[in-house]
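Some notes on the structure that comes next.
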Ligand SMILES: NC(=O)c1ccc[n+]([C@@H]2O[C@H](COP(=O)([O-])OP(=O)(O)OC[C@H]3O[C@@H](n4cnc5c(N)ncnc54)[C@H](OP(=O)(O)O)[C@@H]3O)[C@@H](O)[C@H]2O)c1
């Protein structure tokens, strides 16, 4: 490390200034102020230690140019700016934390809880995707209220574990597991045939299962894009195959778990099965389709005694985030664990729509936090609903012998 000395003197014109000098070497730059001379000395030192740094002279010129003043003033300004920047960053951090805490508080205060204590004894409920997250907690509460609960799941091993857990925690033995893979039209048909054969009354059908992927588009065995296939086309076909049972069981209810994220998407009727689409975006599109479908279904079932409502459960700490890849999953985990609702809290609006007397006869509505909520005008367009319906009928290969709605 070079050693520098600094001394005050007069130049040829008699102006006082500071000169700094490398020990044993020649005098280097001359500056008008002590502080500027110290700064330049430090820069020269850097220059000597690291050849990649610009020369002290150009740095000095840069500072003077930026601040439009003398070297000394430039030095003071740069120190002040640095401190200001630190203060701004610190302030932004504190503000961010306050905003996040405020958001958490807001979420807690506005949390909608299902206040209804309606008994579900004698009622039969099918809930898809009941082996985890919101579905599992919905199933548990319905079992607690005495309902016969059918867990419609693709992972039978997991579903069996959940069934045993629900029986153990609620004391209700009338909990069944049935295989349903919503990404397979064959599986949906087999499930529906089994239900129509073995169940005489269906009071509530809850379309809860859902999948979300960030990257890597996938196509199902039926040629359907996976996210749209699971989240929209599957429930669309299943509803058709169970509609007669639901009508016979009227008053009965269909509850569709959508998402507010539908607002980030739109539906391209020219490409309703976007096999080359971006999966993360297609999740929003599928939730858009859920909402449009629920409204059209409600219109078609008007007067049948079967009501249809859609809901947003809130942002929930559940398995839906499991496909977010590393390293994006790390900050997401922090947010999800710190700020999102628990699955029990996420199940409240579904439970409200499935059980509450308050929504007896209410149909074609959208709910959030156990309260009716407005929808964007786009999803409410009946022409869009009709067109989506026609296209979906073709894509799920609805047979003339199948029930039509
Ligand atoms: N979490 C949120 O913040 C949030 C926000 C808005 C809406 N939602 C909606 O809430 C619903 C429940 O999701 P969650 O948050 O509870 O997530 P989750 O814990 O991942 O639960 C999703 C369930 O759907 C099942 N599923 C996925 N693909 C299926 C298929 N092909 N066939 C049958 N079942 C399938 C899953 O089964 P496996 O275990 O076998 O995968 C799982 O049981 C979804 O419709 C989701 O879109 C969630």
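Considering only residues that are within 30 Å of residue 243 (Cβ to Cβ) and part of a loop (DSSP other than H, G, I, E, B), which ones fall in region 305-315?
305, 313, 314, listed by residue number.
Taking residue 290 as the residue in question, decide whether it is over 25 Å from residue 103 (Cα atoms), in contact with a helix residue (DSSP H, G or I) (Cβ under 7 Å, 6 or more places away or on another chain), near the ligand (Cβ under 10 Å from one of its atoms) and modelled with pLDDT of 95 or more.
yes
Would you mind finding the one in 202, 185 that is in contact with a strand residue (DSSP E or B) (Cβ under 9 Å, 6 or more places away or on another chain) and either touching a residue at least 12 places away in the same chain (Cβ under 8 Å) or buried (at least 20 other Cβ atoms within 10 Å of the Cβ) (or both)?
From the options 202, 185, the qualifying one is 202.
Suppose we filter region 117-141 for residues that are more than 15 Å from the ligand (Cβ to nearest atom) and surrounded by 15 or more Cβ atoms within 10 Å (Cβ to Cβ); how many remain?
Residues that pass the stated criteria total 5.
Can you tell me which residue among 290, 276 is touching a strand residue (DSSP E or B) at 6+ places or on another chain (Cβ under 8 Å) and either outside the structural domain of residue 390 (by TED's automatic domain parsing) or farther than 14 Å from residue 405 by Cα (or both)?
The match here is 290.
For region 308-362, which positions are crowded, with 16+ Cβ neighbours inside 10 Å and more than 12 Å from the ligand (Cβ to nearest atom)?
308, 309, 348, 351, 352, 353, 354, 355, 356, 359, 362
Would you tally the residues in region 247-264 being over 12 Å from the mean Cα position of the chain (by Cα) and more than 10 Å from residue 291 (Cβ to Cβ)?
10
Looking at region 316-361 only, could you name the residues that are within 25 Å of residue 305 (Cβ to Cβ) and either outside any loop (DSSP other than H, G, I, E, B) or in contact with a strand residue (DSSP E or B) (Cβ under 6 Å, 6 or more places away or on another chain) (or both)?
Answer for region 316-361, where residues must be within 25 Å of residue 305 (Cβ to Cβ) and either outside any loop (DSSP other than H, G, I, E, B) or in contact with a strand residue (DSSP E or B) (Cβ under 6 Å, 6 or more places away or on another chain) (or both): 349, 350, 351, 352, 353, 354, 355, 357, 358, 359.
Could you please find all residues in region 364-405 being in a loop (DSSP other than H, G, I, E, B) and within 14 Å of residue 295 (Cα to Cα)?
364, 373, 374, 375, 376, 377, 381, 405
Pick from region 269-284 the residues that are touching a helix residue (DSSP H, G or I) at 6+ places or on another chain (Cβ under 7 Å) and under 17 Å from residue 391 (Cβ atoms): which of them is farthest from the ligand (Cβ to nearest atom)?
Taking the candidates together, the pick is 269.
If we scan region 296-306, do we find a residue that is within 11 Å of the ligand (Cβ to nearest atom) and within 30 Å of residue 360 (Cα to Cα)?
So far as region 296-306 goes, no, none of its residues is within 11 Å of the ligand (Cβ to nearest atom) and within 30 Å of residue 360 (Cα to Cα).
The values are calculated or read from the model by the stated rules, or taken from the named source; none is laboratory data. Predicted model only: the values in this text are computed from it and were never measured. Reconstructed Cβ throughout: ideal geometry from the backbone, glycine too, with neighbour counts over all protein chains shown.
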